[in-house]
Ligand code: NAD
Ligand code: UGA
């Protein structure tokens with residue numbers, strides 16, 4: 001099948017590549033011409049395990065192409081996936097300008113029946129808005145072309161995006177057009193091991209399912225983070241509590257890790273966008289308001305702990321930071337806790353030496369070579385002469401360092417472990433002071 005994917009970010013590029021991998025002819029469109037030039041040069045603009053190899057072999061096979069020519073892209077696909085960003089607007093609502101621009105562009109150029117599939121995370125009612133924009137464009141052109149709009153939210157996680165797309169837990173199709181539903185079933189048949197994993201519902205339920213899913217996961221994390229703060233005070237270990245409650249199958253083990261707050265391009269923005277939708281409809285989601293507040297506080301917790309240990313005035317101090325990305329296996333620093341901690345340390349007069357296996361170019365771009373942040377060549381190099389170590393991201397390579405060497409390189413042997421990577425007793429055995437989250 002000929003498929004167009006609009007937007008070549010984390011979702012669009014993974015979607016396009018995986019659809020090509022199962023035999024479709026895919027044309028990916030982006031308005032960012034630098035990104036398209038890079039892709040056409042064989043370079044992948046994001047770090048996502050496995051993506052580069054799969055993209056390369058599909059490009060070589062002629063099934064995966066990239067363009068910034070809007071007309072060519074829209075005329076290519078019988079199915080058009082919209083996978084552009086929906087960043088937070090000033091009031092917390094999802095900014096739909098990119099989705100609606102993509103829809104307008106489809107209406108402007110399409111010349112045969114088209115199925116428009118919305119993969120971006122969008123507020124309830126957006127499928128109707130996309131439909132209206134396309135209709136408006138067609139009327140303006142005086143064109144009579146048939147189309148259907150489908151809501152198909154994406155649930156992939158960064159760092160495991162290819163794996164999640166190739167083997168999804170579920171695929172949600174929000175649609176009422178039988179031909180569009182049949183077409184999407186056929187496209188996804190390569191990915192869903194059995195058809196129970198593909199669920200068809202109305203567009204509004206599909207749109208709300210996406211936000212409900214992220215909000216539920218964020219709720220679990222904030223709940224555990226608050227419990228961790230209690231565990232800290234009462235002398236319990238949140239890691240033991242996690243295992244203790246996770247073994248109840250009604251609770252399960254996933255997404256119960258306490259830490260220095262959730263970040264990324266999705267949980268923070270989607271929680272706020274859902275709160276906004278609720279507010280606009282006169283409904284108060286009190287639990288979710290608390291989830292957001294708790295996370296804001298949690299992102300500052302490491303700073304509070306650093307100040308409790310070293311004092312509020314950190315002038316002249318230098319902290320080593322392991323991990324800059326919002327989570328492991330990605331170079332994404334959108335809403336990353338590292339940014340809050342770095343800024344807080346700067347404000348208190350300190351300097352930071354950061355290390356991250358893949359996010360350092362992104363850190364360089366974001367901090368625009370602010371000389372209070374320097375970047376080290378290795379995790380151990382970051383420690384040389386630093387007052388203490390602050391761990392913000394759960395990268396595998398931080399899991400079993402040479403603790404004796406850590407102790408030797410730090411001026412004060414203190415580890416602030418924002419991801420509870422170590423067993424406190426064993427770290428203390430090396431003469432290191434260990435300050436984790438909730439233990
Ligand atoms: P992104 O910012 O990485 O990429 C979006 C891309 O769209 C950019 O390259 C941008 O140049 C391009 N674009 C913007 N307007 C365009 C237009 N009119 N035509 C063509 N291209 C255009 O975004 P992302 O992280 O891939 O997220 C995309 C959507 O998917 C968001 O709604 C997000 O909430 C949702 N989502 C993201 C993830 C994730 O893990 N990142 C997972 C599930 C869902
Ligand atoms: C999240 C969801 O997991 C995906 O299903 C969804 O598609 C995506 O958002 C989206 O809508 O964009 P992602 O943001 O890539 O995916 O990463 P997660 O693995 O969910 O982690 C989010 C944040 O929560 C990270 O900062 C992570 O460190 C934190 N986290 C995660 C915890 O603090 N504790 C946990 O137990 C799990």
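Okay, here's what the table says:
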| read-out | value |
| --- | --- |
| Test: residue in region 178-190 that is out of contact with any strand residue (DSSP E or B) (no Cβ under 7 Å at 6 or more places or on another chain), at pLDDT 95 or above, within 17 Å of residue 21 (Cα to Cα) and within 16 Å of ligand 1 (Cβ to nearest atom) | no |
| Test for residue 259: is it buried (at least 20 other Cβ atoms within 10 Å of the Cβ) and either more than 16 Å from ligand 1 (Cβ to nearest atom) or not in a helix (DSSP H, G or I) (or both) | yes |
| Residue tally, condition away from ligand 1 (no atom under 16 Å from the Cβ), part of a loop (DSSP other than H, G, I, E, B) and buried (at least 19 other Cβ atoms within 10 Å of the Cβ), over region 353-392 | 6 |
| Odd one out for residue 206, checked against (1) within 11 Å of ligand 1 (Cβ to nearest atom); (2) not in a loop (DSSP other than H, G, I, E, B) | (1) |
| All helices (runs of 4 or more DSSP H) inside region 78-192 with 2 or more residues being within 23 Å of the chain's Cα centre (by Cα) | 97-109, 126-141, 161-166 |
| Condition check for residue 231: touching a residue at least 40 places away in the same chain (Cβ under 8 Å) and part of a loop (DSSP other than H, G, I, E, B) | no |
| For residue 277: the one exception among (1) touching a residue at least 12 places away in the same chain (Cβ under 8 Å); (2) under 22 Å from the mean Cα position of the chain (by Cα); (3) within 30 Å of residue 48 (Cα to Cα) | (3) |
| Test for residue 244: is it within 16 Å of ligand 1 (Cβ to nearest atom) and either surrounded by fewer than 20 Cβ atoms within 10 Å (Cβ to Cβ) or assigned by TED's automatic domain parsing to the domain that holds residue 290 (or both) | no |
| Residue that is nearest to residue 115 (Cα to Cα), among those in region 136-183 that are out of contact with any helix residue (DSSP H, G or I) (no Cβ under 9 Å at 6 or more places or on another chain) and within 16 Å of ligand 2 (Cβ to nearest atom) | 167 |
| Odd one out for residue 251, checked against (1) in a helix (DSSP H, G or I); (2) more than 21 Å from residue 417 (Cβ to Cβ) | (1) |
| Checklist (1) out of contact with any helix residue (DSSP H, G or I) (no Cβ under 7 Å at 6 or more places or on another chain); (2) at pLDDT 95 or above; (3) part of a loop (DSSP other than H, G, I, E, B); (4) within 30 Å of residue 372 (Cβ to Cβ) applied to residue 265, failing item | (2) |
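The values are calculated or read from the model by the stated rules, or taken from the named source; none is laboratory data. Being a predicted model, the structure only gives us computed values, none of them experimental. Here the Cβ is made from the backbone with ideal geometry for all residues, glycine too, and neighbour counts use every protein chain on show.
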